[in-house]
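In what follows, a single structure is set out as structure tokens and then discussed.
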Amino acid sequence: MHEAKPLILTLAFDEPTFARFDRERRLHFPEALNHIPAHATLFHLLPGDRERGVIEVATALARTLPPPEVAVTGLRFTGRGVAYVLECAALSDFRSRLARAFEPQLTAQDRQGWRPHVTVQNKVAPDVARALHADLAAGFAPFRFSAPATLLWRYLGGPWERVARLPFGENA
């Protein structure tokens, strides 16, 4: 039996927000490297061989939280890219609760502090990233969106395969 591919947990966006972020990602992310849609990662690597348990825990915790309202508060220059900065206390608490549940299986990357963001450009020359950051920052106005769910993905060495949509709220 082969080893199960790792799982990734991301935040789902409402439709207009997803369309905006994904359009910007398609415009600014190097095409040859852009295998996945716009996303905000909650966990980079969860154990693929425990898929059922991951789904059960994440679903149970998501049901306790109404769909969170997330603030997009600014832009971050990452050196070789640009990301939108996200803020939401309820979502940060949700992620902390999941981290405690998965703690023994978390990688060092997922144990460190969480800085929620949506990357729309990465792996470009610093001057290209700096120019995009300046361009986007010049027209930026903070906004909010509703996050209806989390999305669980299987990592396939570049592209991702969607495994499950785990809605927030009691009526999920």
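No value in this document is a laboratory result; all are computed from the given coordinates. The structure presented is a predicted model; accordingly, all values stated were derived computationally and were not measured. Glycine also receives a Cβ, built like all others from the backbone with ideal geometry; neighbour counts cover every protein chain displayed.
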Q. If amide H atoms are built 1.01 Å from N in the plane of the peptide, which residues on other chains or at least 5 residues away come under 5 Å of the amide H of His117?
A. Thr41, Leu86
Q. So how tilted is helix 126-138 from the main axis of the chain? Cα-based, degrees 0 to 90, rounded to 10.
A. 90 degrees
Q) How far, in degrees from 0 to 90, does helix 89-102 lean away from the longest principal axis of the Cα atoms of the chain, to the nearest 10? A) 50 degrees
Q) What's the FRET efficiency of Phe140 with Asn34 using the Cβ-Cβ distance as r and R₀ = 22 Å, to the nearest 0.05? A) 0.50
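Could you give the length gained on full extension between Ala71 and Arg26, defined as 0.36 nm per residue of separation minus the Cα-Cα distance, in nm? Numbers along the way, then the final one.
Details: separation 45, 0.36 × 45 = 16.20 nm, distance 2.22 nm.
Between Ala71 and Arg26, full extension yields an extra 14.0 nm.
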Q) Which ³J(HN,Hα) values in Hz, rounded to whole numbers, follow from the phi angles of region 24-32 under the Karplus curve 6.51 cos²θ - 1.76 cosθ + 1.60, where θ = phi - 60° and Gly and Pro get x? A) 5, 5, 5, 6, 10, 7, x, 4, 5
(Q) Only four residue types carry charge here, +1 at the Cβ of Lys and Arg and -1 at the Cβ of Asp and Glu. Report the dipole size of region 129-172 about the Cα centre in Debye, rounded to the nearest 20. (A) 60 debye
Q. Residue farthest toward the positive end of the dipole of region 83-145, with Cβ of Lys/Arg at +1 and Asp/Glu at -1: which of Pro116, Phe143, Leu132?
A. Pro116
(Q) Which chymotrypsin sites (Phe, Trp or Tyr not before Pro) in region 115-162 sit in a loop by DSSP (not H, G, I, E or B) and have at most 14 other Cβ atoms within 10 Å of their own Cβ? (A) Phe140
Q) For the chain, which longest stretch is free of loop sites, where a loop site is one of the GluC sites (Glu not before Pro) that DSSP puts outside H, G, I, E and B and that has at most 14 other Cβ atoms within 10 Å? A) 4-169
Q: For the chain, give the magnitude of the charge dipole about the Cα centre (Cβ charges: +1 Lys/Arg, -1 Asp/Glu; no others), in debye to the nearest 20.
A: 180 debye
Q: Sticking to Cα atoms, compute the Rg of region 113-172 to one decimal and its Dmax as the biggest Cα-Cα distance, whole number, in Å.
A: 16.4, 47
Q) Each label point is 7 Å from the Cα along the Cα-to-Cβ direction; what then is the distance between the points at Thr59 and Ser96, in nm? A) 2.7 nm
Q.
For the chain, set up a GNM with springs between Cα atoms under 10 Å and report which of Gly74, Gly53, Gly113 has the largest fluctuation.
A. Gly113
Q. So what J values fall out for region 56-62 if you push phi through Karplus, 6.51 cos²θ - 1.76 cosθ + 1.60 with θ = phi - 60°, rounded to Hz, Gly and Pro as x?
A. 4, 5, 5, 5, 4, 6, 5
Q) Quick one: if you stick a label point 7 Å off each Cα along the C-beta vector at Arg50 and Ala108, how many nm between them? A) 2.0 nm
Q. In region 7-84, which trypsin sites (Lys or Arg not before Pro) fall in coil by DSSP and have 14 or fewer other Cβ atoms within 10 Å?
A. Arg80
Q. Where in region 23-63 is the amide nitrogen less than 16 Å from a point lying 7 Å along the Cα-to-Cβ axis of Ala131?
A. 27-31
**Q.** Phi to ³J(HN,Hα) by Karplus 6.51 cos²θ - 1.76 cosθ + 1.60 over region 13-18, Hz, x for Gly, Pro
**A.** 9, 5, 4, x, 5, 4
**Q.** For region 1-62 versus region 86-155, the gap between their alpha-carbon centres in whole angstrom
**A.** 11 Å
